[in-house]
Amino acid sequence: MESEDELDMHDAHDDDDDSVDNEEDFYSGGDDDAAGIDSDDADVGDYEFVDNDSDDSDDMVSYRHQQNYIILAEADIQQCQEEDITRVSTVLSISKVAASILLRYYNWSVSKVHDEWFADEEKVRRSVGLLQKPVLRHSNELELPCGICFEIYPLDKIQSAACGHPFCNACWTGYISTSINDGPGCLMLRCPDPSCGAAIDQDMINLLVSEDDKKKYFRYFVRSYVEDNRKTKWCPAPGCDYAVDFIVGSGSYDVTCRCSYSFCWNCTEEAHRPVDCVTVARWILKNSAESENMNWILANSKPCPKCKRPIEKNQGCMHLTCTPPCKFEFCWLCLGPWSDHGERTGGFYACNRYETAKQEGVYDDAEKRREMAKNSLERYTHYYERWATNQSSRQKALADLHQMQTVHLEKLSDIQCQPQSQLKFISEAWLQIVECRRVLKWTYAYGYYLPEREHAKRQFFEYLQGEAESGLERLHQCAEKELHAYLNAADGPSKDFNEFRTKLAGLTSVTRNYFENLVRALENGLSDVDSHGTCSKTASSKSTGGCRSKGGKGKMSAFRGSGSSRNIDDTDHWSCEHCTFANLKSATFCQMCQQRR
């Protein structure tokens with residue numbers, strides 16, 4: 001983004017300058033320096049959720065402000081257009097019609113219009129087609145020839161743009177309608193005369209075209225504010241008509257539309273923090289590419305020795321017969337004709353010829369290629385299956401969240417005799433589950449492209465990923481299974497419901513901390529691990545997990561923090577079985593989730 005665009009931002013948010021306590025450890029929220037990122041970026045990246053049901057209220061404000069972007073409905077876009085047009089018209093002392101032509105030409109950048117206009121007004125007028133005086137003047141004529149059909153018409157049947165070139169109403173209508181039906185190019189329509197560049201304003205278009213063409217033109221006009229503007233984009237969700245006005249220089253690109261779809265503003269793919277856009281593009285391409293099909297064929301099949309068609313063997317003996325019309329019979333191991341095989345070569349389930357040739361190295365290259373393809377396919381399948389599983393779990397969590405908000409909360413409110421406003425902790429837990437499933441899903445794409453040779457980083461990554469996943473599973477189980485006991489209670493309010501509230505809220509907070517620190521570490525490129533396979537001094541004092549080199553093998557040493565930056569002595573602390581928070585030995589209740597020791 002160029003700095004000039006920043007002058008055009010509507011209702012821009014002030015950066016959050018709240019400092020972060022440097023003494024916090026990794027699992028207690030972590031300071032931003034430990035992850036190697038600026039505090040502004042960390043503030044933007046914190047997981048904060050908004051109840052989408054509130055969007056439907058009648059008294060909702062026109063703009064929906066969220067950390068670093070604004071969601072715009074069509075009415076908001078029209079309002080922004082009108083404000084920009086009025087501002088340019090007032091400053092430059094020109095008509096609103098001329099101001100709208102200028103803004104469309106300069107992609108709705110008010111600052112760009114001002115800079116170019118005051119630098120060289122005449123050049124801008126020539127470029128845009130805003131003429132100060134007509135090229136042709138018709139003083140006393142009662143009739144004029146049309147420049148397209150060359151018929152003679154009275155003046156009331158003739159129209160001209162600012163240039164003065166005369167054309168009949170019928171030709172004007174045909175010219176403008178054809179341009180509108182051709183697409184958004186009609187917004188920069190010029191005079192039909194080949195030698196003239198005068199702009200055709202919206203007033204003339206409204207005067208001459210049909211109602212359907214007016215609606216199309218207006219639609220193009222509104223959409224141009226988003227499509228021609230570098231700081232606004234449409235939500236890519238199918239059927240969504242909302243646009244996103246992004247705040248320049250705010251760090252995170254993840255946005256959530258009013259339609260509940262989360263996506264990356266930079267690449268318009270679904271939200272994928274902490275994975276960068278390049279990795280996401282590579283992963284999506286790999287998932288859809290034919291290369292994986294070829295890898296599977298290479299790893300799991302062999303070509304028929306005669307017709308070369310690939311054949312998969314999933315069971316049975318080594319005697320194979322190719323499908324018609326080939327019908328060639330051969331040995332699966334050595335690919336030789338079956339007529340040369342029998343009891344002397346090992347029977348139906350072995351091949352002495354193959355074993356002998358293999359020892360001599362005859363099949364080395366083919367076997368190596370097949371083994372490499374198989375290993376590559378197995379590795380890809382490992383990451384893809386977990387990526388897809390978390391995607392499915394997220395979709396189910398979204399459905400459970402919707403059912404919770406629409407059905408279960410009201411039922412639970414009646415059973416426990418508590419207002420729904422006091423049950424928001426349940427929705428917050430499910431929102432956290434949905435977000436964590438998304439993050440966890442993309443960590444598998446991150447892990448797939450993490451170089452195998454960087455053993456220390458891979459160990460550290462797998463440790464952080466495992467800790468975050470364990471925390472998420474505890475939260476998911478509590479929100480799903482333990483909650484149903486209170487939903488199905490038939491004997492009125494439960495005495496231990498408040499304990500459940502404390503436990504679920506605590507698990508939500510702990511899981512959020514796990515994932516925030518996982519995101520910080522991945523976005524920082526796991527830089528806390530140095531090239532020798534050990535954790536840096538900063539990481540060892542602020543991380544939950546470190547790497548120490550012993551006997552040439554990286555080994556994880558995990559500890560939990562209670563707010564101190566010093567290493568924790570296991571003899572002075574005990575770990576909560578529910579949330580894994582490290583509590584002082586003297587404590588009988590967990591300080592995080594309030595569970596008894």
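The values are calculated or read from the model by the stated rules, or taken from the named source; none is laboratory data. Only a predicted model underlies this, so the values are computations on that prediction, with no experimental measurement involved. For neighbour counting, all protein chains shown are included, and Cβ atoms are generated from backbone atoms with ideal geometry for every residue, glycine included. We work out accessible area using only protein heavy atoms, side chains counted, and drop any ligands, DNA or RNA first. Shrake-Rupley method; radii C 1.70, N 1.55, O 1.52, S 1.80 Å.
Computed quantities for the displayed model
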item	result
Residues of region 110-150 that turn out to be at negative phi, without any contact (Cβ under 8 Å) to a residue 12 or more places away in the chain and in a loop (DSSP other than H, G, I, E, B), as a count	5
So Val275, is it at pLDDT below 80 and either surrounded by 13 or more Cβ atoms within 10 Å (Cβ to Cβ) or not in a loop (DSSP other than H, G, I, E, B) (or both)	no
Per-region count, region 261-272, residues within 18 Å of Ile247 (Cβ to Cβ), in contact with a Phe, Trp or Tyr (Cβ under 7 Å, 6 or more places away or on another chain) and assigned to a loop (DSSP other than H, G, I, E, B)	3
Total residues in region 317-327, condition more than 19 Å from Ala357 (Cα to Cα) and open to solvent by 50 Å² or more (accessible area, probe 1.4 Å)	5
Identity of the residue in region 191-211, free of Cβ contacts under 8 Å to residues at least 12 places away in the same chain and under 19 Å from Cys171 (Cβ atoms), that ends up nearest to the chain's Cα centre (by Cα)	Asn206
Conditions (1) touching a helix residue (DSSP H, G or I) at 6+ places or on another chain (Cβ under 9 Å); (2) outside the structural domain of Asp76 (by the TED database); (3) farther than 21 Å from Asp76 by Cα; (4) open to solvent by less than 40 Å² (accessible area, probe 1.4 Å); number of the one not met by Tyr253	(4)
Residue under evaluation Met188, criteria (1) touching an Asp or Glu at 6+ places or on another chain (Cβ under 6 Å); (2) at pLDDT below 90, criterion not met	(1)
Conditions (1) of a type in the set (Gly, Ala, Ser); (2) open to solvent by 70 Å² or more (accessible area, probe 1.4 Å); (3) part of a loop (DSSP other than H, G, I, E, B); number of the one not met by Ala170	(3)
Condition met for Leu487 (under 22 Å from Phe500 (Cα atoms), modelled with pLDDT under 90 and buried (at least 18 other Cβ atoms within 10 Å of the Cβ))	no
Any hit, region 326-345, residues being aromatic (Phe, Trp, Tyr), at pLDDT 80 or above and not in a helix (DSSP H, G or I)	yes
Flag if Ile200 is in the same structural domain as Lys215 (by the TED database) and in contact with a strand residue (DSSP E or B) (Cβ under 6 Å, 6 or more places away or on another chain)	no
Top-ranked residue in region 212-232 [being of a type in the set (D, E, K, R) and under 30 Å from the mean Cα position of the chain (by Cα); ranked as surrounded by the most Cβ atoms within 10 Å (Cβ to Cβ)]	Lys231
Candidate set: region 391-441, residues that are out of contact with any Phe, Trp or Tyr (no Cβ under 9 Å at 6 or more places or on another chain) and among the charged types (D, E, K, R); chosen: the one farthest from Cys478 (Cα to Cα)	Asp414
Residue in region 396-416 that is polar (S, T, N, Q), more than 31 Å from the chain's Cα centre (by Cα) and closer than 30 Å to Ser509 by Cβ present	yes
Selected residue (criterion: least open to solvent (accessible area, probe 1.4 Å)) from residues of region 406-458 that are closer than 26 Å to Glu270 by Cα and not in a helix (DSSP H, G or I)	Leu450
Failed criterion for Ser179 (all others in (1) at pLDDT 90 or above; (2) in contact with a strand residue (DSSP E or B) (Cβ under 7 Å, 6 or more places away or on another chain); (3) surrounded by 18 or more Cβ atoms within 10 Å (Cβ to Cβ) hold)	(2)
Failed item in (1) open to solvent by less than 20 Å² (accessible area, probe 1.4 Å); (2) assigned by the TED database to the domain that holds Ser127, with Val244 passing the rest	(2)
Residue within region 151-163 that is farther than 19 Å from Leu208 by Cβ and not in a loop (DSSP other than H, G, I, E, B) present	yes
Output for region 191-205, where each listed residue is open to solvent by 60 Å² or more (accessible area, probe 1.4 Å) and either outside any helix (DSSP H, G or I) or in contact with a Phe, Trp or Tyr (Cβ under 8 Å, 6 or more places away or on another chain) (or both)	Pro194, Ser195
Evaluation of Met188 against (1) farther than 15 Å from Ile101 by Cβ; (2) aliphatic (A, V, I, L, M); (3) surrounded by fewer than 19 Cβ atoms within 10 Å (Cβ to Cβ) (one fails), failing number	(1)
